[in-house]
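What follows is a short report on a single structure.
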Amino acid sequence: MAEGVKTIIYPVKDLEAAKAVYGELLGVKPIADESYYVGYQVAGQDVGLDPNGHAQGLTGALAYWHVDDLEQRLEALLAVGAKVLQPVRDVGGGKLVASVEDGDGNQIGLLQNPH
């Protein structure tokens with residue numbers, strides 16, 4: 001079962017410029033500030049800036065549905081016609097992500113936190 005959309009990732013080309021914009025928008029400092037990812041947390045929402053997102057096929061912001069069992073949810077979505085955009089990968093500390101595309105080309109992110 002999905003817990004809801006709790007994470008949104010923005011692909012960015014200029015990480016420093018994006019940090020300035022999103023820092024101002026969100027009014028908080030990043031909780032993760034690395035060359036490969038900058039993450040913010042505000043009002044229970046995770047907002048990430050990914051300088052490699054465009055290279056991974058992101059064309060815009062991607063909302064991630066938090067799920068208990070990513071592999072099971074991915075299989076179920078594929079069974080009803082979704083197509084894999086990004087296979088399951090560990091982005092650190094056991095956090096798993098994947099993304100699919102529905103029949104209309106909409107991207108859906110899936111995220112499983114470590115158990």
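Here is how the numbers come out for the structure above:
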item	result
Principal-axis tilt of helix 70-79 within the chain, Cα atoms, nearest 10 degrees	50
Directionally averaged shadow of the stretch 1-41, computed from the convex hull of its alpha-carbon atoms, nm²	3.5
Rg/Rh for the chain, where both radii come from Cα atoms and Rh is the Kirkwood radius	0.97
Cα-Cα separations in the stretch 59-115 greater than 16 Å, expressed as whole percent	36
Neighbour net charge for Val42 - beta-carbon separation under 13 angstrom, K R +1, D E -1	0
For Ala82, net neighbour charge (Lys/Arg +1, Asp/Glu -1) across residues whose Cβ lies under 12 Å away	-2
Two-site label geometry, Leu26 and His115: point separation in nm, points 7 Å out along Cα→Cβ	2.9
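Only the coordinates and a few stated rules stand behind these numbers; no lab work does. These numbers come from a predicted model, not from an experiment. Cβ: placed from backbone, ideal geometry, glycine included. Neighbour counts: every protein chain shown.
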